[in-house]
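Notes follow once the structure below has been shown.
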Amino acid sequence: MTNKNTYKSTCCYCGVGCGTIVTVQDSGSVTVAGDPEHPVNRGMLCSKGMNLQYTVNDTSDRLLTPQMRLNRNMPLQDVSWDTALERTAKIFKTFIEKYGPDSVGFYVSGQCLTEEYYLWNKLMKGFIGSNNIDTNSRLCMSSAVVGYKMSLGEDVVPVCYDDIELSDVILVEGGNPAWCHPIIWRRVEAHKERNPDVKIIVVDPRKTQTVNSCDLHLDIFPGTDVYLNYALGRILIEKNAIDPEFIANHTDGFEIYKEKVFSWTLDEYADTCKIEVEKIELAAEWIAKSKGFLSMWTMGLNQSVIGVSKNLSLINLSLITGKIGKPGNGPFSLTGQPNAMGGREVGGLSNMLASHRSLENPVHRAEMKTFWGGGEISDRPGLTATEMFKALESGSLKAIWIICTNPAVSLPDLNMVEEGLKKAKLVVVQDISSKSDTVKFADIVLPAAAWAEKEGTMTNAERRISLLEKAIPAPGQCLPDVEIICKFADKMGFGDSFNYASTQDIYAEYATTTEGTNIDVTGVSYKSLKEKGTIQWPATKKSENKGTARIFEDNAFFTPNKKAQIKVLNEKNDSESTSEDFPLVLLTGRIRDQWHTMTKTSKVNKLNQHIGKPFVDMHLQDAANRNLKAGDIVKIKNKRGEVQVTLNISEDIKPGTCFMAMHWGKILNSTFGRANNLTNNLIDPISKEPDFKYAAVEVSRFYKK
Ligand code: SF4
């Protein structure tokens, strides 16, 4: 606490991780301001951050008491915490006894705090005996996790935000940070304003707000990013703009890479990507001349059936030029959610264990078993996000506990997801908001404390750990998530291993698991975070709380031979194909002032004023071919479903493609505007991240303006 009514926290929206100051008024409501001392945002906040106070001041939609129903024909009724958790534990135990531990699962969120994430993992993997815990972060960054592990030997973002101001070429591929990571983009723009020679290149099928402030827009056809990156690699090699010494001493795989990128001509790459050759050559020329080359990416690369390959192909540009481990240089995956990084640290994916340990590794499993003092850790990989809902549909997964996420809007192929939720034998939903569409499917509803009503830590996209102080009490019977987990663990008979005096003890336990690993945070505690502020991992006991801004400055990568791996995988996009019936490619994404499924942001009138209703963007040529006019209500259809939506006509989108925002769920129980009715459940075979950016559809008039 900084003074009596003022608390330090971190914005609960995106992975930028802006510092905030929460001030509690005499009335009990809060005001929120950017923290001027915070190294990320230096007092700035974006439109979402500036309206954070509404997430807790307006309690009109809050879930306030535990609720339960004995069958789906009954309404939910208020019950005590004991009743709700005893029933959940009884059903979990019954299923585990009858069908085995893999019959139950937890589906968590990149908005959970690190301590919560850690405990959910400990309970499922260490005590229940299954690895069926996955997260909605699977939907946004698991391809980057695998990309980093395969190339750098560990899931580490090697750069930091301060590298922005030290770079002279910034390549943004598959991202719209001007809307989705606004404070970082403000830093990029300010850097360019001060240094007009800095070059910004944006790769995107759409002319987004980010494109508006770039020097070169590579308006790529969806799904062809790997080819573009190969083309850039080919030119860099041809122009001798690579670093042979770095390649020889610190990498493996260059010759295979070279053979691959030279297997096509530049014209073939340009034709496939639908980008002029001259534009690709200019981008390569700028990268070649740069002293500081920073690549940034988000969902456009990650949310793909070849997401890992896309990640590797971009990281390879940093490796062949040796532009990594030096100030202003490196590959920078921007995380979407506020604590996607923290979830990765504690092993919050169904194939990981705490401190980036691998589930496949028997030594790692044995280490965590000894540490937790629970049962044998299963070597069976757990179900990933989309696999869980398929397993509910098929009946192999009986019970699911959904925490802080709204899969009935955010997962792909929602008609299948709804079927899964209907067929589930038990759906528990733990959330803050009754607005979550997933609550409608719940048998048991558990009201959780919101941001500012609980304490804990988060880690942002540059590995910066921050403490979120509790500022106000939670309303009604809402409980912090860590208390809910510990109470449930007790009902399951594991209480002795979930008996913590405070949240900081949970963090301290997690920190101990990191000792000696590449993500060591044994030098971090609540005390150090309060006294010295945020810190970037690794931060060992010996580091005197200095943390680590940049990784690989010694060129020693985290692979067994310390060399980075230049890898090539499949470059052909294996998404579903367009056809005569469904000739257009639907892309999905976000808009500036809404967050995920809008349970928080739609409460704020100011945010709804930006874009208040669902829409589809379509190129004017495609609209003219279909005799459609701006403002028409159109029907977008494919083999999975149909939605109706208002048509925007634009030249800011590639012909042959259209775009919908993913935020809207069912409006008045209709099929109006729910983009994920149309997205497909194909996944990258390695990262298991869904293919949100490529669905074959057709658009026709539903209602004439
Ligand atoms: Fe919050 Fe992200 Fe906006 Fe910062 S940029 S205020 S973290 S939403």
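No lab work stands behind these numbers, since they all come straight from the coordinates. These figures come from a predicted structure and were not determined experimentally. Ideal geometry is used to build each Cβ from the backbone, glycine not excepted, and the neighbour counts take in all protein chains shown.
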Placed amide H near T135: partners under 5 Å, 5+ positions off or other chain: V108, S350, A385
Using a 10 Å cut-off on Cβ atoms, rank the peptides 262-273, 73-84, 483-494, 99-110 from the highest mean neighbour count down. 99-110, 483-494, 262-273, 73-84
For D35, enumerate residues with amide H under 5 Å from its amide H, sequence gap 5+ or separate chain, H modeled in the peptide plane. G19, T20, I21, G43
Defining a contact as two alpha carbons under 8 Å apart and six or more residues distant in sequence, what relative contact order in percent does the chain show? 19 percent
Per residue of the range 424-439, what does 6.51 cos²θ - 1.76 cosθ + 1.60 with θ = phi - 60° give for ³J(HN,Hα)? Whole Hz please, x for Gly and Pro, Karplus curve as stated. 4, 7, 8, 10, 10, 10, 10, 7, 9, 10, 6, 6, 4, 4, 5, 4
Could you grab the relative contact order for the range 498-603? Cα pairs under 8 Å, six or more apart, rounded to a whole percent. 12 percent
Quick check: residue separation of K90 and Y703 times 0.36 nm, minus the Cα distance between them. What number comes out in nm? 215.6 nm
Using a Förster distance of 30 Å, how high is the FRET efficiency between E285 and N361, based on the Cβ-Cβ distance and rounded to 0.05? 0.10
Where in the range 600-635 is the amide nitrogen less than 17 Å from a point lying 7 Å along the Cα-to-Cβ axis of S670? 612-616, 631-635
Which order do the peptides 334-346, 507-519, 388-400, 575-587 come out in when sorted by mean C-beta neighbours inside 10 angstrom, highest first? 334-346, 388-400, 507-519, 575-587
Using the 2.2 N^0.38 Å rule of thumb for compact globular proteins, work out how the range 142-333 stacks up: its C-alpha Rg over that value, please. 0.93
Rounded to 5, percent antiparallel among DSSP beta bridges of the chain: 50 percent
Return a whole-number percent for the relative contact order of the range 142-333, with Cα pairs under 8 Å and 6 or more residues apart as the contact set. 34 percent
The long-range amide H neighbours of L468, using H built 1.01 Å from N in the peptide plane and a cut-off of under 5 Å, are G456, T457, M458
Counting pairwise Cα distances across the range 557-704, what percent come out greater than 28 angstrom? 28 percent
Where does each of 475-481, 276-282, 653-659 land if you order them by average Cβ count within 10 Å, highest first? 653-659, 475-481, 276-282
With +1 on each Lys and Arg Cβ and -1 on each Asp and Glu Cβ, and nothing else charged, work out how big the dipole of the range 584-703 is about its Cα centre, in Debye to the nearest 20. 440 debye
Exposure proxy order (Cβ contacts within 10 Å, fewest to most) of M141, M368: M368, M141
Here the range 660-676 yields Karplus 3J(HN,Hα) values (6.51, -1.76, 1.60; θ = phi - 60°; whole Hz; Gly and Pro given as x) of 10, 6, 8, 6, 7, x, 6, 9, 6, 6, 9, 9, 7, x, 8, 4, 6
